[in-house]
Amino acid sequence: MTTTDMRQHPEAEPGLSRRSMLNRTASGLGIALSGSIPGLFGGDSVSANSIDGPPREVGHGPLVPDPAGNLSLPAGFTYTLVAESGVTLLDSGEPTPDDPDGTAAFVRCGGNGSVLVNNHEIGGDEPYPVPPIPGFVYDARARGGTTNIEVDRRGNRVREYVSLAGTHNNCAGGLTPWETWITCEETEAILGKPHGYCFEVDPYDQDANRDPKPIKCLGRYPHESVVVDPRRHTLYLTEDAGNPNGLLYRWTPASAALPLGKGALRALADDAGTLEAMQAFTRAGAFVPDLSVATEPGTTYRVRWLPVPERDATTTPVRKQFAQITRSRKLEGMWWCDEGAYVVASFARTSDGSAAQHDGQVWLIDPEDGTIELKLHFAYTPADQDNDPDGPDNITVSAYGGLFLAEDGEGKNHLVGATPRGEVFFFARNELAGDSEFTGPTFSRDKKILFANIQSPGHVFAIQGRFASSADRL
């Protein structure tokens, strides 16, 4: 475990200021925001092309270079290295597995700290697999899975242990209202068994994690993320796939299965509920085949949901089973907030079959209105890889308003924040060799720690600082 205090180093790099954001947007670059996003961005979201007063400091302040070469943060923030692939040890004696990705934080038993359920996106010959602990393995030929990491209230590591093994490419997932984590396989591979499923992981009860069973009613395809509507118990899911590009899905439980709770999903029949894929239409009724064409925040489409013909994809991938459907390149993270599902599209290029190019989008699915609305648009900026955000991936809502996005783009990768006013800033920068992506940002329930990962070489960080005292600048 390593702790570095960024206050000791006065040489600060300018963060992504409101002025720089506005200037880039005005010239066709950067992030464009408009309109109001209640709750997530607050009711007074700022138009990207307007200046309502003199520029002010945005976010938590400029980044201070880290002399340890790990993580640069604003002054007043510190990090603790909670887990390190190949270095820290599991309860069973093996090293922490590679490729930490999507993560959720739960209150540790007794209230002293957190339990992190940490995905490991292992799909190849990485040196440190998730150990095949007897009783917790789905497929002996797969090397991914999840570990549970317990930390105290200061973010210090207490223990780590396997909660799911024998799965493949565990990328992201989602929290449930009944305090579990749904981990998603981003794959269509068939190894010893078919893969491309979701699995439920309990942060507290290891007996509930024994004999893992895929939730086949949610479909077999390259899953990325999932959110649960806490009122309706409807699930929304993203697919990160190409050739052709992926889809947005909705799964609706039968009324007899409600309310869902711990263990309910794995107990359902393989064909339980209704799995559907999204079609989008303009207000005038024109079909929208590709979400990449939307560039103006506030663009809103009506949605229709079409039943998936054969959800287990025994002969044909699910996304190829539709004659007319709405697609998007790189559908990634999701988060439930404001009575809707926030959805990230990481990037789009004409070379990958997309109709238009961008460096990221954030959408809101509104179940009540039956719409999907563009909330953020990252313009395509190939000339600026280090200082212009690109490739948003995992997303979480800040405990103090706004949001954090994990950048998985070209050049330097960051945790990117967006304020309740709609202004953007850099909160953290990866200083490790190779400049791997950020993954899994999530706040502890007491709002004091932001957990985040760097996938390679495999670091899990607990970041602490003056989140509350600087919230008035967000």
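The values are calculated or read from the model by the stated rules, or taken from the named source; none is laboratory data. Since this is a predicted model, take the numbers as computed values, not measurements. Cβ coordinates were reconstructed from backbone atoms using ideal geometry, including for glycine residues, and neighbour counts include every protein chain displayed. Heavy atoms of the whole protein, side chains included, go into the accessibility calculation; ligands, DNA and RNA do not. Shrake-Rupley method; radii C 1.70, N 1.55, O 1.52, S 1.80 Å.
In Å and from the alpha-carbon atoms only, list the Rg and Dmax of the stretch 86-132.
Just the Cα atoms of the stretch 86-132 yield Rg and Dmax of 12.4, 38 Å.
Determine the shape class of the stretch 402-451: with a ≥ b ≥ c the square roots of the Cα gyration tensor eigenvalues, call it rounded for a/c under 1.5, and otherwise prolate if a/b is greater than b/c, oblate otherwise. If you can, show how the numbers build up before the last one.
Values: a/c = 2.63, a/b = 1.38, b/c = 1.91.
Oblate is the answer for the stretch 402-451, as a/c is 1.5 or above yet b/c matches or exceeds a/b.
Once you have the Cα-Cα distance between ARG232 and GLU57, take 0.36 nm times their residue separation minus that, and quote the gain in nm to one decimal.
Stretched fully, the ARG232-GLU57 segment lengthens by 59.0 nm.
Ignoring GluC sites (Glu not before Pro) that are buried or in helix or strand per DSSP, and keeping those with at most 15 other beta carbon atoms within 10 Å, what is the longest stretch of the chain between them?
Details: sites that count: GLU11, GLU57, GLU179, GLU310, GLU339, GLU368.
Formally, the longest exposed-site-free interval is 180-309.
Using a 1.4 Å probe on the protein chains only, how many percent of the accessible area of the stretch 87-189 belongs to carbon and sulfur? Show your work: numbers first, answer last.
Details: 1700 of 3310 Å².
The nonpolar share, carbon plus sulfur, comes to 51 percent.
Please work out the Cα center distance from the stretch 364-415 to the stretch 259-284, rounded to the nearest Å.
25 Å
Can you tell me the convex hull volume per residue for the stretch 183-240, based on C-alpha atoms, in Å³ to the nearest whole number?
Numbers: hull volume 5.3 nm³, N = 58.
Once divided by residue count, the hull of the stretch 183-240 is 91 Å³.
Two decimals is fine: what's Rg over Rh for the stretch 221-320, C-alpha atoms, Kirkwood radius as Rh?
Values: Rg = 15.1 Å, Rh = 15.2 Å.
Reported Rg/Rh (Cα atoms, Kirkwood Rh): 0.99.
Can you list, largest first and rounded to whole Å, the semi-axes you get for the stretch 164-204 by taking the square root of 5 times each eigenvalue of its Cα gyration tensor?
Details: eigenvalues 87, 20, 10 Å².
One finds semi-axes of 21, 10, 7 Å for the stretch 164-204.
For the peptides 355-362, 96-103, 127-134, what is the packing order when you average, over each peptide's residues, the other Cβ atoms within 10 Å and list the highest mean first?
Numbers: 355-362: 22.1, 96-103: 27.4, 127-134: 18.0.
Highest to lowest by the protection proxy: 96-103, 355-362, 127-134.
Over the stretch 360-444, what per residue volume does the convex hull of the Cα atoms give, in whole Å³?
Taking the convex hull of the Cα positions in the stretch 360-444, it is 110 Å³ per residue.
Taking the Cβ of PHE287 as the centre, find all other residues whose Cβ is under 14 Å away and add up their charges (Lys, Arg: +1; Asp, Glu: -1).
Numbers: positive: ARG283, ARG302, ARG304, ARG327; negative: ASP290.
Computed value for this residue: +3.
Using alpha carbons only, how many angstrom separate the centre of the stretch 323-349 from the centre of the stretch 187-242?
17 Å
Within the chain, which is the longest segment that contains none of the trypsin sites (Lys or Arg not before Pro) sitting in a DSSP loop with at most 16 other Cβ atoms within 10 Å? Walk me through the numbers before you get to the answer.
Values: sites that count: ARG56, ARG141, ARG153, ARG154, ARG210, ARG231, ARG232, LYS262, ARG283, ARG349, LYS412, ARG445, LYS447, ARG466.
Longest gap between qualifying sites, sites excluded: 57-140.
Probe of 1.4 angstrom, ligands and nucleic acids ignored: what's the accessible area per residue over the chain, in square angstrom?
Working: 16760 Å² over 474 residues.
In whole numbers, the chain has 35 Å² accessible per residue.
Could you give me the radius of gyration and the Dmax of the chain, taking only the C-alpha atoms into account and expressing both in angstrom?
Gyration radius and largest Cα-Cα distance of the chain: 21.0, 62 Å.
For the chain, calculate the relative contact order in percent as a whole number, restricting contacts to Cα pairs under 8 Å that are 6 or more residues apart. Walk me through the numbers before you get to the answer.
On the way: 1399 pairs, mean separation 83.8, N = 474.
Once divided by the residue count of the chain, the mean separation gives 18 percent.
Say the cut-off is 27 Å between C-alpha atoms; which of LYS216/LYS320; LYS216/LYS330; LYS262/LYS375; LYS216/LYS262 go over it? Before the final figure, lay out each step's value.
Numbers: LYS216/LYS320 18 Å; LYS216/LYS330 23 Å; LYS262/LYS375 33 Å; LYS216/LYS262 16 Å.
Check vs 27 Å cut-off fails for LYS262/LYS375.
With the cut-off at 1.5 for a/c, could you classify the stretch 281-357 from its C-alpha gyration tensor as rounded, prolate or oblate? If you can, show how the numbers build up before the last one.
On the way: a/c = 1.40, a/b = 1.30, b/c = 1.08.
The shape class here is rounded.
Looking at the square roots a ≥ b ≥ c of the eigenvalues of the Cα gyration tensor of the stretch 173-275, which shape do they give, rounded for a/c under 1.5, prolate if a/b is larger than b/c, or oblate?
Working: a/c = 1.65, a/b = 1.24, b/c = 1.34.
Verdict is oblate for the stretch 173-275.
Could you give P(r) for the stretch 295-417, binned at 10 Å from zero, as whole percent values over all Cα-Cα pairs?
Histogram of Cα-Cα distances, whole percents per bin: 12, 38, 35, 14, 1.
Would you work out which of VAL158, HIS459, LEU191 lies farthest towards the positive end of the dipole of the chain? Charges go on Cβ: Lys and Arg +1, Asp and Glu -1.
Projecting each Cα onto the dipole axis, the largest value belongs to VAL158.
Quick one, can you get me the convex hull of the C-alpha atoms of the stretch 71-171 expressed as volume per residue in Å³? Kindly include the intermediate steps, with their values, before the conclusion.
Details: hull volume 10.9 nm³, N = 101.
Spelled out: Cα convex hull of the stretch 71-171, divided by residues, is 108 Å³.
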